[in-house]
Amino acid sequence: MQRKNTLFDSYLCTVEQIVLNPNASKARKYELALKQIKMLCEGEANLIANLANITALLKETFQWFWVGFYIVDNDELVLGPFQGPVACTRIQRGKGVCGTAWASKESILVPDVTKFRGHIACNAASLSEIVIPILKNNEVLAVLDVDSDRLDAFDGTDRKFLELLERIVSALF
Ligand code: SME
């Protein structure tokens, strides 16, 4: 069978297999990733399994330095499923980019982590970062943290699609 020359090849898309056109735009990669994430999480009730697969899929799609969840636990953020190097285990509310996103309930885009006062450097190779709080009933349940080893790696497209992902992840809790 001839492969279709599209980013998302419906003949080949299974839960385990994605077909990515390496020349696709970032937006198209996000569209495919979100579609894939919905398929992966459909029918699976285990939160950790779903969050783990989401981080794996995002890492595979975007080759980010680090991507993972911190989950609110007894008034702290505690490291959850992630892909990338070993990271800080606990973050206090209002501390670092993650704790600030938790306290403000707002996404935070940091083009240069050295310019963010209080940034927590889990790894010196991380140069820019985006953090998206996961909300349910106006309460933050977790944050999604993405780190890049390039400066200024994230933009409005990342924010837009990661906030769409936030809606999917919120429904998993
Ligand atoms: N840089 C984050 C800490 C988490 S690690 O980047 C994985 C922060 O300032 O909250």
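The values are calculated or read from the model by the stated rules, or taken from the named source; none is laboratory data. Note that this is a predicted model, so its numbers are computed, not measured. We place every Cβ from the backbone using ideal geometry, glycine too, and count neighbours over all the protein chains shown. Keep in mind that these areas ignore ligands, DNA and RNA; they rest on the heavy atoms of the full protein, side chains included. Shrake-Rupley method; radii C 1.70, N 1.55, O 1.52, S 1.80 Å.
How many residues are open to solvent by 60 Å² or more (accessible area, probe 1.4 Å) and out of contact with any strand residue (DSSP E or B) (no Cβ under 6 Å at 6 or more places or on another chain) if we restrict to the range 141-158?
Qualifying residue count for the region: 3.
Of all the helices (runs of 4 or more DSSP H) wholly in the range 20-111, which have at least 1 residues that are within 16 Å of the ligand (Cβ to nearest atom)?
Because the criterion is at least 1 residues that are within 16 Å of the ligand (Cβ to nearest atom), the helices (runs of 4 or more DSSP H) in the range 20-111 that meet it are 47-62, 96-104.
Within the range 86-124, can you find the residues that are within 17 Å of Trp64 (Cβ to Cβ), among the small types (Gly, Ala, Ser) and open to solvent by 40 Å² or more (accessible area, probe 1.4 Å)?
Selection gives Ala121, Ala124.
How about the range 18-43: which of its residues are open to solvent by less than 80 Å² (accessible area, probe 1.4 Å) and farther than 16 Å from Leu165 by Cα?
Ile18, Val19, Leu20, Asn21, Ala24, Ser25
Go through the residues of the range 152-173 one by one and say whether even a single one is in contact (Cβ under 8 Å) with a residue 12 or more places away in the chain and within 10 Å of the ligand (Cβ to nearest atom).
Among the residues of the range 152-173, not one is in contact (Cβ under 8 Å) with a residue 12 or more places away in the chain and within 10 Å of the ligand (Cβ to nearest atom), which makes the answer no.
Identify all residues within the range 112-126 that are away from the ligand (no atom under 11 Å from the Cβ) and either in contact with a strand residue (DSSP E or B) (Cβ under 8 Å, 6 or more places away or on another chain) or touching a residue at least 40 places away in the same chain (Cβ under 8 Å) (or both); write none if there are none.
Correct list: Asp112 only.
On the given criteria, is Val143 assigned to a strand (DSSP E or B), within 11 Å of the ligand (Cβ to nearest atom) and within 30 Å of Asn23 (Cβ to Cβ)?
In short, no.
Residues that are near the ligand (Cβ under 10 Å from one of its atoms), open to solvent by 30 Å² or more (accessible area, probe 1.4 Å) and at pLDDT 95 or above: does the range 130-140 have at least one?
There is no residue in the range 130-140 that is near the ligand (Cβ under 10 Å from one of its atoms), open to solvent by 30 Å² or more (accessible area, probe 1.4 Å) and at pLDDT 95 or above.
Could you go through the range 74-85 and let me know if any residue there is open to solvent by 50 Å² or more (accessible area, probe 1.4 Å) and either of a type in the set (Ser, Thr, Tyr) or closer than 22 Å to Phe154 by Cα (or both).
Checked the range 74-85: at least one residue is open to solvent by 50 Å² or more (accessible area, probe 1.4 Å) and either of a type in the set (Ser, Thr, Tyr) or closer than 22 Å to Phe154 by Cα (or both).
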